[in-house]
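Taken together, the values in this text are just the output of simple stated rules run on the coordinates, not laboratory data. All values reported here derive from a predicted model rather than from experimental measurement. Here the Cβ positions follow ideal geometry from the backbone for every residue, glycine too, while neighbour counts run over all protein chains shown.
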Amino acid sequence: MTEQQQQQSSSTTSTNYRNQDEQEQEQEQEQEQEKNQEEERLKEERDEEHGQEIQAQPSNIIENPFNNHCTTDQQQQQQDIRNNSEQTHDQRWWIKQVLWPPFPTQNNSRPRSVSILMQNHNGPCSLLAICNVLLLRGAITLPGPSNRTSISFSSLLTLLADYLVHQQLQPHQLHSALSTIPITQTGLDLNPSFASIDGFRPTSHSASSSSSSSSSSTVHGLDLFTAVGIPLVHGWIADSQDSDTWDVIVGKCGDYDKAVELVVTGEELLTKQLENPHLELNQEEQDLLREALLVRKFLDSTSTQLSYPGLFQLATGLTTDSLVALLRNSHLSVLYRRPLLPVNLPTPAPPPLPPPPDQTDPDYDHATALEVHAVSQQLMAAEHACTDPEELLDDPRLPKLFTLVTDLAFLNEPQIVWESLEDVEGGLSEFYDWKLTPSRLKNSAPNQTSHSNPTPNQFNQSTHSTGPPRSNTDTDLNLAHQLQEEEYERVRRSEQPPAHQPNIPSGGGIPAPPPPRPAQTQLNTTTATASAPIKKKKKDCVIV
């Protein structure tokens, strides 16, 4: 190779290195520019929120029609809320755009785009449920542009406080509601009553505070829901058909706090008896221990804080086309009771006419058969007359209750907005889009972006069904039934004689019956095991 060729080769190589370096520098500059743009966008959102908060401060004093009753202490409470929220200014909640309502109503004939808040990992679900209900109602609107992707926690607190100030509330109601807003950051302590779906009682802490304080206003979570006008419900209802359990759960305890206190007392008696086997309990202690066991059995069987009597009351007792806050699994979510949907179902066919008289059958009485047919027609007509006309118009194929899906894993899944509430364990629940049309789940996890951090294992990667994954208990039960059917088939094949022999048991004996089905209680030993003893009284019902 000549000297000139070597120089050209080295020149080409150096040029390639420079081009590669320039490309890498350009990529780094582009990444840095994108990062700066994202930071500027977040800064603009924060500045807009801060500017709107500053503009909202004088309006609270000037435009508030209740300003004459808004004391200096209440104004100081609003300022404290703003100051406390600034400490959590870096916490942001992601926003998802959905269409609402799913069906035409009297006030909203056209669906509109609504921003809903997604659950921020273990963020305060009580504040999330309240804000989402108000957003769907159109009572509040998130500040800033409509295409924003997140909002700070401090802006939500300020937005809710401003909404309360502009409501026609009495001074003590406004004071209690404003005092409850900061508590939503750590969780609300709710005490459901087991008699009705809207029954909640003040917690023991609130009751002791009210007895020790001379003030007429007691701060607890119920005041905030009353102030914003959102019904708070639950489905933790005892079965009235079980008189023994009903008398103890509703008659003696009444609410969750008293039930846990009774369980703790019963466990203390049981521990004392185990430590001293020769100790005999008197009749009162024996009755107390029996009642504690009944309460513990009820709490274990309704560990999801939802029972079938409660589910029935929710479906029949809530106002149609309404939004409420539902307590379930120590979590607050938005519950939607859909409106009645007219549907043209086929009219049930009348019973067929009896056959004509048969002279060959002496036992057949044609006249009696005609009378039976007439009575059947009368019973069908009476049943149709007693049925509620609204139930005849409602579509029975669509569930009546739906919960708003706010899991961060579904942030980028526009076809998943609602989840049906059809059973206690959630095995029959399915996902629906904004029109309440069943949506098909993908076999893979939802799309994940750089700004969202969905929790892992949201979906079962091996599932092939269109609904959510079923519980382990149902899977074990189906597997056991399949194995049992295979065992039956094996026994039947072994009992069948060869084709060239008559079907006669050898030796005149009776073929052995197939093995009995295993009891369901044996299959569900894992679910029937008693949970750990309750030691701390308030942990299971703290809403966080």
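Quick notes on this one:
- Packing here is the average count of other Cβ atoms within 10 Å per residue, and on that basis the peptides 315-326, 409-420, 130-141, highest first, run 409-420, 130-141, 315-326.
- Residues 166, 278 in ascending order of nearby Cβ atoms (within 10 Å, fewest first): 278, 166.
- Neighbour counts of other Cβ atoms within 10 Å put 432, 308 in the fewest-to-most order 308, 432.
- The ranking of 258, 400 from fewest to most other beta carbons within 10 Å of each one's beta carbon is 258, 400.
- Translational diffusion coefficient of the stretch 217-312 (Stokes-Einstein, Kirkwood radius from Cα pairs, 25 °C, 0.890 mPa s): 160 µm²/s.
- Long pairs among 252/272; 297/435; 35/96; 96/400; 297/400, criterion Cα-Cα beyond 32 Å: 297/435
- Tail fraction, Cα-Cα pairs, the stretch 119-195, threshold 21 Å, whole percent: 33 percent
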